[in-house]
Structure formats: C-alpha cells, structure tokens
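The values are calculated or read from the model by the stated rules, or taken from the named source; none is laboratory data. A quick note: this is a predicted structure, and the numbers were derived from the prediction, not measured. Positions of Cβ are generated from backbone atoms using ideal geometry, with glycine treated the same way; all protein chains shown enter the neighbour counts. The protein model used for the area step is the full one, side chains on, heavy atoms only, and it has no ligands, DNA or RNA in it. Shrake-Rupley method; radii C 1.70, N 1.55, O 1.52, S 1.80 Å.
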Amino acid sequence: MAFAVGRAAVIVPAMEFPDIVTLAVPVFVLLVLIELAVWKITGHGRYETRDAAASLAMGLGNQIAPLFGGAALLGGVWTWLYQFRIFDIPNTIWAVALCFVLDDLRYYWVHRISHERRWFWASHVVHHSSQHYNLTTALRQTWTGDIINGLIFKSPLVLLGFHPAMVAFAFGINLIYQFWIHTELINRMGPFERLFNTPSHHRVHHATNPKYLDANYAGVFIIWDKMFGSFVEEDANERPRYGIVKNLGTFNPFVIAFNEWLGILRDLRSAKSFREVIGYTLGPPGWSPDGSRLTSAKIKERSARLRAPAPAE
C-alpha cells in the first residue's frame, strides 16, 4: 500500500460492485411470503396486516428518501474525501473482506450510539416501533437517518482508503445478512451463535423486557457485543415483548417516521438552559431535567430492585 495524502487522482476500481441490496429485493419478497405461509399453516410467528403494511411503507420510503438529493450529497462528499485517503487500498477480495469486518465494527458502534443518544434514536426508533417480529420488520427503516449517518460514521472508511463503492458494497452485504434474523421461526442455532448474530440474539435486541433492553447491537458478528459488554442471551423462560417503551399506537407511516423528531422539538421549546438543550438532544432517550421520565437505565434499575430478594428478617 502506498501512503497517499491530498491527491486529486482517484483510483478506478479493479472490481465491479453491484447494487446487491436492490438485487436481493425479490429474495426478500419471496422469504416474506414463505414466512407468511408457514405462519398460516403452523401458527408459529406473529403477523398483523396493518403492522406489516406499515413496515413495507417505511421500507419504500427509505428507498425513496435518498432520491431527494441525499444520495448525491453522500456520493459527492465521499468522492471528495477519497482524494485525501491515507492508504491506497486495492479493490481486491481481501480488501473487501477487511472493509466488511471494519464496517461491521463501525455498525456496532453507530447502532449502539443510536440507542444511547436521542438525536440518533429519533431515526432508529422507526425500526423498533413494531410490536411484532417478522421479516417485514426488517424492512421498517428510517426516512431521516441514513445520509447523516453515512456522512459521520462511514466517511472514516473512505478516508482510510477504501473506495466509496467498496464501502457501499460491504454495507449492502451487512444489510442483506440482517434481513433473515428478523424472525421467530428460527430458534437457537448452536455453535453458529458464538460468532454470528442470529434470530435469537436479535430478538433480544428488539425486546422491551428490562433484562433485554439495550443489548445485542451486532450487525453480523455478535463478538462485538461480547467484547464490549452488551451481550445478553435469550432466556427460554422469558419471551421477548417487542416494540418501544412507549408504543405509538398507530400504523400511520408519517407518525412512525417523525414522531420522535416532533418530541425533540416540543422538548426544546420548553428547555430553560443550554444544559437542557444538550440533554434533550444528546442525552439518552427518556432524559428529562428532573429525572421524572424513564430511561433504559432507570427501567433496568427498577426491574432489578423488584427482582431482588427481600432481606431476611
């Protein structure tokens, strides 16, 4: 690898990187139909027509939103940044594999931040707003967060020297992998679960049970959660309850997309200090100046107190 800073030249990729997410859409549709058929025949899994329709609407909006200039902005910024890359990383199979692993580590942290900081949660909450867990839930995606997250959290990979097309391709593989783990039809998967994210691990992530809150942020490799202390194993004796702490009670896609953003605006209007502005935007979801609202940490603490054995008399 040649060290390279501030060059105007852009290396033409030696590999072609197809839009694999678009290519995978027919497979997504087929798998949803199969899961739906299995549910109808066996009764395993859970579907609700209006909820599934809302998830599909959110997925469609997620594909349309970047067409309003966001995708062009992201591509332009990445192309500009690439001329300042630190290394000339060739577009080879080993480089794609390395990019994929580093991007998955990046995904773990941006996913974790999206649960711990309200500004990012305002976009990510869309994905958690369904009270059902099936393959259509995987398609329930934000209309507001992809571009800003790409600019902030993926740009370092471009600066490191991975070609923008490779970065997009690696994340596409990550997205496709995550589709199949949104199901209740697959139980535990033995040794595979030691390294990889699975339906069991991801059911924990989508659950609102106090013991499951803010856990299993992995995209593909569950090892990140085990390394950074956020792994929780699914308990056969405690079935996950899906949704968010305060469910929306609507299937309206526009409410699903913008409810938390409107909540931030309402809170900012009532803010009485700069501290409160920061708390309402970058504090954990549920933060309030007087501590009267419930954050995940408070919910877990309260649950732990209730579960604690009574002191012996």
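Close amide H contacts of Tyr242 (hydrogens built in the peptide plane, cut-off under 5 Å, sequence separation of 5 or more or a different chain): Thr208.
Applying a DSSP loop filter and a limit of 14 other Cβ atoms within 10 Å to the GluC sites (Glu not before Pro) in segment 216-260 leaves Glu233, Glu238.
Could you calculate the contour length gain from Phe84 to Trp109, that is, 0.36 nm times the residue separation minus the distance between their Cα atoms, to one decimal place in nm? Display every interim value, and only then the final one.
Numbers: separation 25, 0.36 × 25 = 9.00 nm, distance 2.42 nm.
Contour length minus the Cα-Cα distance gives 6.6 nm.
Give, rounded to the nearest 20 debye, the magnitude of the charge dipole that the chain has about its Cα centre when Lys and Arg contribute +1 at Cβ and Asp and Glu contribute -1 at Cβ. Here the size comes out at about 760 debye. The H on the amide N of Gly219, modeled in the peptide plane, is under 5 Å from the matching H of Tyr108, each at least 5 residues off or on a different chain. Residues in segment 114-120 carry Karplus couplings, in order, of 5, 9, 9, 10, 4, 4, 7 Hz; the curve used is 6.51 cos²θ - 1.76 cosθ + 1.60 with θ = phi - 60°, and Gly or Pro positions show x.
3J(HN,Hα) along segment 266-274, derived from phi through the Karplus expression 6.51 cos²θ - 1.76 cosθ + 1.60 where θ = phi - 60°, amounts to 4, 5, 5, 5, 8, 5, 10, 7, 5 Hz, with x in place of Gly and Pro. Applying 1/(1 + (r/R0)^6) with R0 = 25 Å to the Cβ-Cβ distance of Ile264 and Leu31, what FRET efficiency is obtained, to the nearest 0.05? It comes to 0.10. For the pair Val277 and Ile148, a Förster radius of 22 Å applied to the C-beta separation gives a FRET efficiency near 0.70, rounded to the nearest 0.05.
When only Cα pairs below 8 angstrom with a gap of at least 6 residues are kept, the chain shows a relative contact order of 22 percent. In order along segment 275-289, the phi-based Karplus estimate (6.51 cos²θ - 1.76 cosθ + 1.60, θ = phi - 60°) of 3J(HN,Hα) comes to 4, 5, 4, 5, x, 5, 9, 10, x, x, x, x, 5, 8, x Hz; Gly and Pro are listed as x. Close Lys pairs in the chain (alpha-carbon distance under 22 Å; sequence gap of 8 or more, or different chains): 7.
Using a ≥ b ≥ c from the Cα gyration tensor of segment 165-313 (square roots of the eigenvalues), is it rounded, prolate or oblate, where a/c under 1.5 gives rounded and otherwise the larger of a/b and b/c decides, a/b for prolate?
Taking the square roots of the gyration eigenvalues as a ≥ b ≥ c, segment 165-313 is oblate.
Accessible area of Asp51, 1.4 Å probe, to the nearest 10 Å²? Roll a 1.4 Å probe over it and Asp51 shows about 10 Å². Computed from Cα positions, the angle between helix 164-179 and the longest principal axis of the chain comes to roughly 30 degrees.
Distance between the 7 Å Cα→Cβ label points at Thr22 and Lys40: 3.1 nm.
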